[in-house]
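Asker: Below you'll find the structure I mean.
Please treat every number below as a calculation from the coordinates, not as lab data. Since this is a predicted model, take the numbers as computed values, not measurements. Positions of Cβ are backbone-derived with ideal geometry, glycine not excepted, and every protein chain shown enters the neighbour counts.
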Amino acid sequence: MGKSILSTKKIFIFWAPLAATWLMMSLEGPFLAALIARLDLPKYNLAAFGVAFSFALIVEAPIIMLMSASTALVKNRHDYISLRNYTFMLNSVITVFMIFGLIPQVFHFIAQDLIGLPSKIANLTYVASLLLLPWPAAIGFRRFYQGLLIRHNLTRLVAYGTIVRLIVMSSTALLLYKLKISGAYIGAAALSAGVIVESIFSRIVVRGTIKLIKSKKEDEKEKKLNFKSISTFYFPLALTAMLALGVHPMVTFFMGKSKFPIESLAVLPVINSLIFVFRSLGLSYQEVIIALLGMNEKNYEGIKRFAFYLGTFLFVTLSLILFTPALSIWFNKVSGLSFELAEFSILPARILVILPVLTLLISFQRSLLVHTKETGPIKGASLIEIIMIIFTLYITVSQFRLPGAIAAAISYTVGRLFANSYLLPSQLNAIDSLKKR
């Protein structure tokens with residue numbers, strides 16, 4: 001492999017709009033949690049919103065990787081139509097699945113009989129989940145179109161869409177807050193409103209890009225995308241997301257069986273929201289790597305160097321928050337938690353200090369494998385991760401009787417460490433493959 005033709009500055013300019021997009025999205029959680037914490041019954045509503053969001057994440061999981069797929073696969077008219085139809089199919093399936101889960105008998109069996117939620121939290125969760133019904137499919141469409149924009153170096157339009165989403169989300173939340181609606185309902189309704197409008201916006205701004213894609217001549221030597229080839233490429237990615245996001249309800253299940261279950265369910269969304277602000281910057285780098293390697297494989301050295309700088313920044317900055325009085329200020333003043341819940345949140349938050357760096361690493365690893373079309377190991381890593389999370393949860397909750405929030409923080413960290421380790425050999429093989437080209 002020759003010398004990188006990309007400077008750190010050029011990568012930053014390409015990455016910055018995507019980073020801003022993910023960063024803005026990551027602020028949704030703290031904003032909504034802060035509103036919910038300032039309304040009646042904050043402990044119950046925070047818990048219900050967290051559980052409803054976990055359920056919606058499971059449904060969303062099969063379509064979360066559509067951005068990576070459209071960034072990597074769509075080169076011409078045929079590719080566009082094939083992946084668009086695939087997106088329609090996936091969105092239809094997940095919406096039907098969510099409707100089935102919202103049948104009252106099915107929902108309450110899961111929420112109360114399996115997870116063990118108190119009836120008050122279960123009822124709040126049900127209505128919040130109903131309000132989140134359009135959320136997964138809207139995300140599917142949005143991510144498909146955003147991938148097309150990223151592939152054509154229009155990352156700023158992705159950022160504009162996120163700004164629109166945040167404006168709609170925050171306006172909806174503040175309006176409902178003024179009306180004194182239950183906090184869990186505010187969070188769910190605001191999320192759905194924001195992502196629906198962002199999906200519409202993405203479809204509007206991508207029109208020119210779609211025309212450009214349709215005008216490109218097809219390379220007769222390249223295999224045409226079809227349902228089978230898309231599935232072969234996409235299934236490991238989708239399964240990865242399903243395993244990764246599907247662990248959230250499992251964590252919720254163990255929270256219900258742990259010490260301080262309601263407190264743990266209440267603070268976990270707040271803790272996760274803070275950590276996700278930093279994890280989002282690592283997640284935003286995944287599509288950047290796929291796109292820049294797709295332009296020129298000589299970009300690898302520059303991409304690796306930028307990842308090191310970014311990882312250092314994430315660890316140092318988050319440590320300055322988690323291990324100083326700034327953390328108490330965040331939980332008390334910004335998030336609006338009571339003194340008791342704020343103190344309860346400190347230790348689990350500090351345990352998660354390394355998670356953003358591990359998230360950046362796994363984004364780096366996955367991107368290399370997506371670029372080299374070797375997506376199989378990604379599935380194995382996700383399976384290892386969820387197994388270790390569940391195993392660690394069982395040990396920490398059932399054997400050591402740790403409070404649920406602490407058990408969850410340890411489990412998330414252990415699971416991700418095992419996933420990173422599992423992908424290391426495949427990562428090295430992908431790097432060797434790049435260097436030989």
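Asker: Kindly rank 304-314, 97-107, 290-300 from highest to lowest mean number of other beta carbons found within 10 Å of each residue.
Answerer: Packing order, densest peptide first, comes out as 290-300, 304-314, 97-107.
Asker: I'd like the distance separating the alpha-carbon centroids of the range 271-300 and the range 208-239, in whole Å.
Answerer: Each part's Cα centre sits 22 Å from the other's.
Asker: Obtain the nm distance between the two label points defined at residue 88 and residue 374 by a simple spin-label model: each point lies 7 Å from its Cα along the Cα-to-C-beta direction.
Answerer: Roughly 3.7 nm, to one decimal.
Asker: Taking the Cβ-Cβ separation of residue 153 and residue 260 as r and a Förster radius of 56 Å, what is the calculated FRET efficiency to the nearest 0.05?
Answerer: Efficiency at R0 = 56 Å is approximately 0.70.
Asker: Give me the extension gain from residue 223 to residue 105: residue separation times 0.36 nm, minus the current Cα-Cα distance, reported in nm with one decimal.
Answerer: Difference between extended and current length: 37.8 nm.
Asker: Using the Cα gyration tensor of the chain, with a ≥ b ≥ c the square roots of its eigenvalues, what is the shape: rounded (a/c below 1.5), prolate (a/b larger than b/c) or oblate (neither)? Before the final figure, lay out the partial values.
Answerer: Details: a/c = 1.65, a/b = 1.41, b/c = 1.17.
The shape class here is prolate.
Asker: Measure up 75/211; 223/436; 43/257; 9/435; 120/178 against 21 Å on the Cα-Cα distance and list the ones that go over.
Answerer: The pairs that break the limit, which is 21 Å between Cα atoms, are 223/436; 9/435; 120/178.
Asker: Could you give the nm distance between label points at residue 428 and residue 317, where each point is 7 Å from its Cα heading toward the beta carbon?
Answerer: 3.2 nm
Asker: Tell me, in nm to one decimal, what length is gained between residue 338 and residue 38 on full extension, where the rule is 0.36 nm per residue of separation less the Cα-Cα distance?
Answerer: Contour length minus Cα-Cα distance gives 107.0 nm.
Asker: For the residue pair residue 127 and residue 400, what label-to-label distance in nm results when each label sits 7 Å from Cα along the Cα-to-beta-carbon direction?
Answerer: Between residue 127 and residue 400, the label points sit 3.9 nm apart.
Asker: Right, here's the next one. Which shape class applies to the range 1-129: rounded if a/c is under 1.5, otherwise prolate when a/b exceeds b/c and oblate if not, where a ≥ b ≥ c are the square roots of the Cα gyration tensor eigenvalues? Present the calculation step by step, with values, prior to reporting the outcome.
Answerer: Numbers: a/c = 3.59, a/b = 1.59, b/c = 2.25.
Taking the square roots of the gyration eigenvalues as a ≥ b ≥ c, the range 1-129 is oblate.
Asker: Let me ask you something else. Run lengths n ≥ 4 of DSSP H only: what is the helix-derived mean residue ellipticity at 222 nm for the chain, with -39500 (n - 2.57) per run over all residues, to the nearest 500?
Answerer: Value at 222 nm, helices only: -26500 deg cm²/dmol.
Asker: Any idea what the relative contact order of the chain is, in percent, if you count C-alpha pairs under 8 Å spaced at least 6 apart?
Answerer: Details: 675 pairs, mean separation 109.4, N = 437.
It rounds to 25 percent for the chain.
Asker: Can you give the extra length, in nm with one decimal, that the chain gains between residue 417 and residue 354 once fully stretched, where that is 0.36 nm per residue apart less the Cα-Cα distance? Present the calculation step by step, with values, prior to reporting the outcome.
Answerer: Working: separation 63, 0.36 × 63 = 22.68 nm, distance 0.97 nm.
Taking 0.36 nm per residue and subtracting the Cα distance, the gain is 21.7 nm.
Asker: Hey, how many Å between the Cα centroid of the range 337-375 and the Cα centroid of the range 9-24?
Answerer: Centre-to-centre distance over Cα atoms comes out at 19 Å.
Asker: Ok, one more. Hey, got a sec? Which trypsin sites (Lys or Arg not before Pro) in the range 195-238 land in a DSSP loop and have at most 10 other Cβ atoms within 10 Å?
Answerer: Of the trypsin sites (Lys or Arg not before Pro), the ones in loops of the range 195-238 whose Cβ has at most 10 other Cβ atoms within 10 Å are 217, 221, 223.
Asker: Quick check: the distance between the Cα centres of the range 113-128 and the range 35-96, to the nearest angstrom?
Answerer: Result: 22 Å between the Cα centres.
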